[in-house]
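Chemist: If you scroll down you'll find the structure; I have some questions about it.
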Amino acid sequence: MAYKISDACISCGACAAQCPVEAIAEGDGQFVINADTCIDCGACADQCPVEAIAAE
């Protein structure tokens, strides 16, 4: 089950810096996670200052 970034994202980039497989990229107004690349490690969710990342 991949993680997903909600609309609460503030585009700070903290999550992308922590992703070991580079599954997170800046999208249109917020960051997005590529579900096919995500390895479900949760490192991104631990770094999100607004708790915008959760497992689907």
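The values are calculated or read from the model by the stated rules, or taken from the named source; none is laboratory data. Small disclaimer: the values here were computed from a predicted structure and weren't measured. Cβ coordinates were reconstructed from backbone atoms using ideal geometry, including for glycine residues, and neighbour counts include every protein chain displayed. Please note that ligands, DNA and RNA were not included when accessible areas were found on the heavy atoms of the full protein model with its side chains. Shrake-Rupley method; radii C 1.70, N 1.55, O 1.52, S 1.80 Å.
Chemist: Out of Ile24, Ile39, report the one residue that is surrounded by 14 or more Cβ atoms within 10 Å (Cβ to Cβ) and of a type in the set (A, V, I, L, M).
Modeler: Checking each option against the conditions leaves just Ile24.
Chemist: Taking the stretch 8-56 only, how many residues are assigned to a loop (DSSP other than H, G, I, E, B) and touching a Gly at 6+ places or on another chain (Cβ under 9 Å)?
Modeler: Residues in the stretch 8-56 being assigned to a loop (DSSP other than H, G, I, E, B) and touching a Gly at 6+ places or on another chain (Cβ under 9 Å): 2 in total.
Chemist: Can you tell me which residue in the stretch 8-21 is most open to solvent (accessible area, probe 1.4 Å), limited to those that are in contact (Cβ under 8 Å) with a residue 40 or more places away in the chain and over 10 Å from the mean Cα position of the chain (by Cα)?
Modeler: Residue satisfying both the conditions and the ranking: Ile10.
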